[in-house]
Amino acid sequence: MATLARLQARSSFVGNQYYFRNRVVDEFRKKENDAAVKIQSWFRGCRIRAYIRYLHRVATIIQKCWRSYLGKKQYRHLVKLAHYTMKMNLYNAMAVKIQRRWRGYRIRKYCFNYYYLKDYLKAVSETNDAIREALEEFAEMKEREEKKANLEKEEKQRDYQARKMHYLLSTKQIPGIYNSPFRQAPDPWELRLQKAKPLTHPKPKVRQEYSASLSDWLACTSARSFPRSDILPPINKKCQGPFRDFNEVLEQRYKPLEPTLRVAEPINELKLAREEFKREECAQNIHSKMFFPFSSYHKKEKYTASMHSSSKYGSDSYGLKQFRSENPRKWICDKDFQTVLPSFYLFSKYGKLYSRAGQIV
């Protein structure tokens with residue numbers, strides 16, 4: 001009973017202690033909860049950031065592999081293009097070399113004759129020299145004629161001046177200005193004044209005063225009378241004015257019909273033109289057989305000599321003389337001559353110019 005009494009006496013103190021301790025505990029519990037929440041948030045943040053870094057590394061590896069694959073693919077494509085370009089350049093260079101050799105051979109054999117062109121240029125140079133000499137002679141003749149005309153003009157001017165100054169001629173009593181007594185011989189102008197005739201001035205025309213009578217005025221015979229009409233032209237005279245010829249007008253009116261190009265030409269004009277072009281090409285070619293350089297098509301055929309070497313009038317000097325042959329005994333100096341290849345180029349380059357220009361180059 002005593003214990004119960006003590007507990008009852010201390011009940012208020014116990015209640016206060018209970019409430020006080022519960023309040024303190026609640027405060028500490030809130031701080032601990034906040035601390036736990038902070039620790040959990042920091043840990044979870046570290047874990048998420050570590051996971052994100054892992055994802056970044058994995059994505060970087062994937063991108064690296066993919067970009068490596070694309071780079072290798074593009075590099076293989078560039079290598080393939082470069083190899084194809086090198087092959088095409090090589091083939092083009094080989095084709096150009098073959099075409100150059102073949103065209104040079106064909107031009108030298110069929111389309112160009114060095115010695116004929118040399119003779120032609122020699123004849124042109126000789127003709128030019130003759131024409132230049134004729135032109136020089138003509139220029140000298142013109143110059144002589146001009147000098148002669150100038151001398152005649154000056155002589156006429158001197159004669160006219162002498163006729164104007166004839167009053168300065170010497171007389172028996174008074175010597176002139178060109179015949180000074182202190183000179184051993186008279187001046188040439190004195191002799192010219194003696195030969196010249198004095199210049200006479202033309203007589204002035206006297207104006208006749210007007211005097212007309214009444215009868216002349218009424219008869220319309222004077223200049224101050226009533227105006228008279230001009231005489232009418234004859235009938236057969238051509239009419240003046242912007243009139244065209246009668247025959248020209250009829251020709252324009254009844255001229256024949258001029259159809260257009262579309263109506264005048266047939267509908268198969270293109271086909272006919274192509275056939276005509278083929279015929280001309282076949283006529284100009286030396287042979288109409290196709291050229292197969294990489295086949296055995298022509299191996300079994302017999303070689304047909306060209307017209308230059310198989311002519312009955314004798315072969316040209318093309319096959320007998322070499323363009324690059326040298327004969328040191330005919331040299332006029334120790335310096336080596338230029339090869340014939342540049343001269344070929346010059347002739348082939350200016351051949352058309354010479355042929356169009358005619359004789360004067």
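Summary table
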| quantity | calculated |
| --- | --- |
| Leading residue by the ranking (least open to solvent (accessible area, probe 1.4 Å)) among those in segment 111-130 that are of a type in the set (S, T, N, Q) and at pLDDT 90 or above | Asn128 |
| Boolean, Arg108 is within 30 Å of Lys197 (Cβ to Cβ), of a type in the set (D, E, K, R) and either surrounded by 11 or more Cβ atoms within 10 Å (Cβ to Cβ) or at pLDDT below 90 (or both) | no |
| Test for Ser180: is it hydroxyl-bearing (Ser, Thr, Tyr), open to solvent by 100 Å² or more (accessible area, probe 1.4 Å) and modelled with pLDDT under 85 | no |
| Condition met for Ser170 (in contact with a helix residue (DSSP H, G or I) (Cβ under 8 Å, 6 or more places away or on another chain) and either polar (S, T, N, Q) or open to solvent by 80 Å² or more (accessible area, probe 1.4 Å) (or both)) | yes |
| Residue count, segment 250-264 (criterion: assigned to a helix (DSSP H, G or I), hydrophobic (A, V, I, L, M, F, W, C) and under 46 Å from the mean Cα position of the chain (by Cα)) | 3 |
| Set Arg57, Arg44, Arg67: member being within 60 Å of the chain's Cα centre (by Cα) and of a type in the set (Lys, Arg) | Arg67 |
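Per-residue answers, yes or no, for (1) at pLDDT below 85; (2) surrounded by 10 or more Cβ atoms within 10 Å (Cβ to Cβ); (3) in a helix (DSSP H, G or I):
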| site | (1), (2), (3) |
| --- | --- |
| Arg132 | no, yes, yes |
| Glu137 | no, yes, yes |
| Glu143 | no, yes, yes |
| Lys148 | no, yes, yes |
| Gln161 | no, yes, yes |
| Pro175 | yes, yes, no |
| Glu209 | yes, no, no |
| Ala212 | yes, yes, no |
| Thr221 | yes, yes, no |
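The values are calculated or read from the model by the stated rules, or taken from the named source; none is laboratory data. As the structure is a computational prediction, the values presented were derived from the model and not from experiment. Every residue, glycine as well, gets a Cβ built from its backbone with ideal geometry; the counts of neighbours run over all protein chains shown. Surface accessibility is based on the protein's heavy atoms, side chains included, excluding ligands, DNA and RNA. Shrake-Rupley method; radii C 1.70, N 1.55, O 1.52, S 1.80 Å.
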